[in-house]
Amino acid sequence: MNTALLREHIKSYLDKLQREKTKHEDGMKEREQRKSYFSGWTADRILTMSEEDMYSYISQLWAMRIWSNKRYVVGKMIKENGFEMLKSGLANLVWGGDSVESRWDKFRLSVRHVGPAMMSELLCHVHPDTCMLWNRRAYVAFRYLEIGGLPRYDYQLTGKKYVELSQDARQIANEMAGLGAGGVDLLIVDYFLWDELQVEDILTNIHKKDRASIAKPAEGQEAVDRLDPETAEFVHNDVKDKLAEIGGWLGFKANTEVKTAEGAVVDTVWEATIGNMGRVIYVFEVQTKGSIDSLILNLLKSLNNPAVQGIVAVSDAAQLEKIKKEAWEVKGLGDKLKYWDYTEVLDVHESLEAVYAAINKLGLVPEGF
């Protein structure tokens, strides 16, 4: 961490707070209210939630502001995890007796559609002295402060890494206190990161990669076939879900684990109805570990459905080259199959997420519409 740079910004921030005292006081009041609200949901209360309670609880999160239809998102969490599983997972994440590291890893591998931004926000609101709020803005701020080893993608944010990041945030809190800030916890650090350290050139260039060679991994990319089994499964599910969200944002009806033809259940589909002409379906298969032959067979069977107009294999650059080589040996497949690097999927998702968050701030479409 560049401590000199940090202290320079802390001084600037504290001066700004003196000039904008009312804004500062309102921000602090909001954070105190949020801590009180989320802390009031004890483990027992979470376990006895109704679906309406769950909606109220989740929809309060800052991370949910991207969604204009929050009920749809919460409903999807309940449906695809099972309501009892979702409640027990949240209760253990926030209040469990094991270490934060252990609780984090267990939750992220067992509960879908609740990402690191939501997870860390819940922890930060309830345990603001030890748990930070991690999201894209925190990434930008930490990168600007020259903190190393940052997780570029969700799958890299393990429990161990989250604890390390929270310790870095605690160091920032200590520096703020040392320069005269009072009552600094990690929720106050989040305020500082958002208000002071959103550096434009990092925000603008966050997705730039070295594309000099297709065989060279992009920034932050790991070969998926070298990941441990648990991480590979997480990547598979994460990319599959993000593909569905991208499709939804683009106006398609998007789902995961869909049967497209006899013997073919694929990871993600985008579907559109064109007037009275029928359906158009695009199929995505995500490859991490496992047999490439199985992926190719699944995609080939999907083509038996006349509505399927496009098939896409998603993996890292090295795996995609292997898939391409094998696909060209299968009659009727090689010239139809498209290829998408999984880190590009994650970057596209993040970019579209930012676009929708900005649009939703305008409040053009009421949630109940």
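Label-to-label distance, residue 359 versus residue 129, with points set 7 angstrom from Cα along the beta-carbon direction: 4.4 nm.
Dipole check for segment 40-195: with +1 at the C-beta of Lys and Arg, -1 at the C-beta of Asp and Glu, and the Cα centre as origin, the magnitude is about 560 Debye.
Note on segment 71-124: Cα convex hull, mean projected area over all directions, 3.5 nm².
Based on Cβ point charges of +1 for Lys and Arg and -1 for Asp and Glu, what charge dipole magnitude is obtained for segment 224-355 about its Cα centre, in debye rounded to the nearest 20? Let's see the in-between values first.
Working: 14 positive and 23 negative charges, 140 e Å.
That gives a dipole near 680 debye.
Which value results when the Cα radius of gyration for segment 224-355 is divided by 2.2 N^0.38 Å?
Working: Rg = 14.4 Å, N = 132, 2.2 N^0.38 = 14.1 Å.
That ratio works out to 1.02.
Residues of segment 233-254 with an amide N closer than 17 Å to a point placed 7 Å from the Cα of residue 68 along the Cα-to-Cβ direction: 245-254. A straight chain from residue 2 to residue 171 at 0.36 nm per residue would run longer than the Cα-Cα distance by 59.7 nm.
If you plug the beta carbon distance of residue 326 and residue 156 into 1/(1 + (r/R0)^6) with R0 = 22 Å, you get a FRET efficiency near 0.15.
The residues 268, 42, 231, when put in order of fewest to most other Cβ atoms within 10 Å, stand as 42, 231, 268. When mean projected area of the Cα convex hull in nm² is calculated for this entry, the matching label among (1) 20.6; (2) 43.3; (3) 18.0 is (1).
Under 25 Å of direct C-alpha separation, and excluding same-chain neighbours fewer than eight residues apart, residue 35 reaches these lysines: 16, 21, 23, 70, 87, 106, 160, 161, 361.
Ordering 135, 58, 100 by Cα displacement along the dipole of the chain toward the positive end leaves 58 in first place; charges were set at the Cβ atoms of Lys, Arg (+1) and Asp, Glu (-1). In segment 3-206, taking the dipole from charged Cβ atoms about the Cα centre, the farthest positive-side position among 85, 17, 148 is held by 85.
Under 15 Å between alpha carbons, and skipping anything fewer than 8 positions from residue 253 in its own chain: which aspartates and glutamates qualify? Straight-distance partners of residue 253: 241, 245, 267, 271. Its Cα centre serving as origin, the chain has a Cβ charge dipole (Lys and Arg +1, Asp and Glu -1) of approximately 560 debye.
None of the figures in this text is laboratory data; all of them are computed from the coordinates on show. The shown structure was predicted, so the numbers you read here are calculated from the model rather than taken from an experiment. When we count neighbours, we look across all protein chains shown, and the Cβ atoms used for this are built from the backbone with ideal geometry, even at glycine.
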